[in-house]
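Q: First the structure, which I've put down as structure tokens, then a few questions once you've had a look.
The values are calculated or read from the model by the stated rules, or taken from the named source; none is laboratory data. Since the structure is predicted, the reported quantities are computational estimates derived from the model, not experimental observations. Because the Cβ atoms are built from the backbone with ideal geometry, glycine has one as well, and the counts that use them run over all protein chains shown.
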Amino acid sequence: MLLYVVDTVIGLLYLCFAFLITFINCHLWSTVERVRRVARCRKYRKTCKDCIIIFSRYPRAGTTKTRLIPTLGQEGAAYCQLLMTDHILDTLTEYVSNIPKPGGCEVEVQYKSGSPGEMEHWLGRRRRRTPGLVWTEQADGDLGNKMRTAVLRKFKQGLENVVIVGGDIPRITKNELHEAFTKLRADQNMVLGKAEDGGYYLVGFNRTATKYMSNIFKDIEWGSSRVFQQQSDQAKLCSANLGVLSTVLSDVDTEPELVEFEKEVGIRRSEVMDGTWSIVIPVLNESGGICKTLTSIVQNCSDVSSIKEVIVCDGGSTDNTRDVISEFGRTSPIIIRLIHSPPGRGFQLRSGAYEARSEYVMFIHGDSILPQNYNEAAFRCLRQPGVVAGAFRFGLDLVHSKVFTSQDRALRTKLYWLEKFVAWRCGNPAELPFGDQGLFMRRETYIKSGGYPKLYLMEDFILVNKLKDYGHVGSADCGPLLTSSRRWQKWGFIRITATNHFLITCYKYGVDANTLAKWYYGDKLKTQ
């Protein structure tokens, strides 16, 4: 009994030490980075003479894209709005990043129906790539008053040219933006981009247009097919020097216009309503556990049709792992694909991701047990504004097993508190899940972030930190993904947990990942 108490106390004391190290390495640095990001944004905005304003809604189910609800449902319509706005913001980021310095272009999202906290969660991480990004709530009144108020406020802040675009124009590119600002810097003080439905997708002004801003949006029948013509006529009445862009574009409001959405955003409408998954599993001599993992994939999903394929990437197993996988695949209702790659988890995950054919991809380890309805929980996680990737809660099989030996009692207690520690580590602002929690994301997000690096170690840590340049790494609202406790049982709690934190700390402070792999694997790397 005394040995049990001493062993447990030592383990918990180490977790307190690990808490401190993680707080310094992750939470503290994340907070410092967020403060620096806000400071960079303020400094950058002082150099800006141009501004692009996006008019959009916070993508809340039932309040946005209501004409698409009969086709996509409330959740699907809101997700469609989210994807379109994110797509346009990516376009604006590309445009702004190509502006020569000194100078710059501020990007402002004028939103409706969201709270400041929700907008911060949605857009805050984007400041890493778009330093001039800000957001503010739309003014009251009709669309004309909203735009007038937005433009005059920017002129009052000292900007020279202001362009407004809709948040549902997925085909807009940096070419239209460049043409608009070129006209405004030349001899035109107002520009319009005509929409296919008779409205317009872009309107812009030079600050010399301030004198007629009180009248420019008068007598416009908003929402009708005559908006563009009426706006052009009003510009003539105000003696504005109007320029019209050469490209006619379409917004996405109705079911027929979803073709435009699918083409430009790169996601089918069926994937907006209910995503299909490719699951990638790296294995090396996992004959004893891979069958349980594959069984959990089949039995714990809500609908096997939502799992398009399971890609098992073998790194050169010398046991009968490949035979077990092939045998399971013969009777599985889900396609099981066995591929081969060089050993090393980073190499194997990268090879598996390259083979993936679904819109959404999930990465789990070969000794993991997925929770019930994992596919639905992961999809819900990714539909949250600001979330670009996610993971499941961390769980260890020994903690959740009802059968364990007396020798495992002390270890079980320590692993229970380790689960609590990991849950804290994965919260905001650190958001640092590891690969044994089953990372998932859109395939496009994976590609955009650069994917898993070709490394033997730290591949999950590196990918998660790259993903945080694009948004948040969320947590699925379901049970934990259970991982085998065998490493802790074999090598001891302190050794395994301390090694993990030592490696992360060394990498955080500049030690190369390949060097860490040599320290960790030793002579094993020479045989791979």
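Q: For region 117-126, which residues satisfy the criterion of being in contact (Cβ under 8 Å) with a residue 12 or more places away in the chain and touching a Phe, Trp or Tyr at 6+ places or on another chain (Cβ under 9 Å)?
A: 118, 119, 122, 123, 125, 126 - these are the residues of region 117-126 that are in contact (Cβ under 8 Å) with a residue 12 or more places away in the chain and touching a Phe, Trp or Tyr at 6+ places or on another chain (Cβ under 9 Å).
Q: If a residue must be more than 18 Å from residue 459 (Cα to Cα) and crowded, with 18+ Cβ neighbours inside 10 Å, how many such residues does region 498-528 contain?
A: 0
Q: Is it the case that some residue within region 84-103 is surrounded by 15 or more Cβ atoms within 10 Å (Cβ to Cβ), in contact with an Asp or Glu (Cβ under 6 Å, 6 or more places away or on another chain) and part of a strand (DSSP E or B)?
A: Within region 84-103 (the criterion being surrounded by 15 or more Cβ atoms within 10 Å (Cβ to Cβ), in contact with an Asp or Glu (Cβ under 6 Å, 6 or more places away or on another chain) and part of a strand (DSSP E or B)), the answer is no, since none of the residues qualifies.
Q: Could you list, in sequence order, all residues of region 249-306 that are under 25 Å from residue 380 (Cβ atoms) and of a type in the set (Gly, Ala, Ser)?
A: The answer is 266, 270, 275, 278, 296, 302, 305, 306.
Q: Across region 376-432, which residue is surrounded by the fewest Cβ atoms within 10 Å (Cβ to Cβ) among those that are over 29 Å from the mean Cα position of the chain (by Cα) and among the aliphatic types (A, V, I, L, M)?
A: 403
Q: Within region 221-230, is even one residue of a type outside the set (Val, Ile, Thr), in contact with a strand residue (DSSP E or B) (Cβ under 9 Å, 6 or more places away or on another chain), in a loop (DSSP other than H, G, I, E, B) and in the same structural domain as residue 96 (by TED's automatic domain parsing)?
A: Checked against the condition, which is being of a type outside the set (Val, Ile, Thr), in contact with a strand residue (DSSP E or B) (Cβ under 9 Å, 6 or more places away or on another chain), in a loop (DSSP other than H, G, I, E, B) and in the same structural domain as residue 96 (by TED's automatic domain parsing), region 221-230 yields no hits at all.
Q: Can you tell me how many residues in region 293-312 are surrounded by fewer than 16 Cβ atoms within 10 Å (Cβ to Cβ) and part of a helix (DSSP H, G or I)?
A: 4
For every residue, the table says whether it meets (1) surrounded by fewer than 20 Cβ atoms within 10 Å (Cβ to Cβ); (2) more than 22 Å from residue 457 (Cβ to Cβ); (3) not assigned by TED's automatic domain parsing to the domain that holds residue 304.
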residue: 326; (1), (2), (3): yes, yes, no
residue: 333; (1), (2), (3): yes, yes, no
residue: 340; (1), (2), (3): yes, no, no
residue: 346; (1), (2), (3): no, no, no
residue: 349; (1), (2), (3): no, no, no
residue: 352; (1), (2), (3): no, no, no
residue: 357; (1), (2), (3): yes, yes, no
residue: 360; (1), (2), (3): no, yes, no
residue: 367; (1), (2), (3): no, no, no
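Q: Further, regarding this structure: Keeping to region 110-143, report how many residues are assigned to a helix (DSSP H, G or I) and hydroxyl-bearing (Ser, Thr, Tyr).
A: Matching residues across region 110-143 total 0.
Q: Of all residues in region 464-505, which are free of Cβ contacts under 8 Å to residues at least 12 places away in the same chain and touching a helix residue (DSSP H, G or I) at 6+ places or on another chain (Cβ under 6 Å)?
A: Of everything in region 464-505, those that are free of Cβ contacts under 8 Å to residues at least 12 places away in the same chain and touching a helix residue (DSSP H, G or I) at 6+ places or on another chain (Cβ under 6 Å) turn out to be 487, 496.
Q: OK, next. Among the residues of region 254-279, how many are assigned to a loop (DSSP other than H, G, I, E, B) and free of Cβ contacts under 8 Å to residues at least 60 places away in the same chain?
A: Adding up the residues that qualify gives 0.
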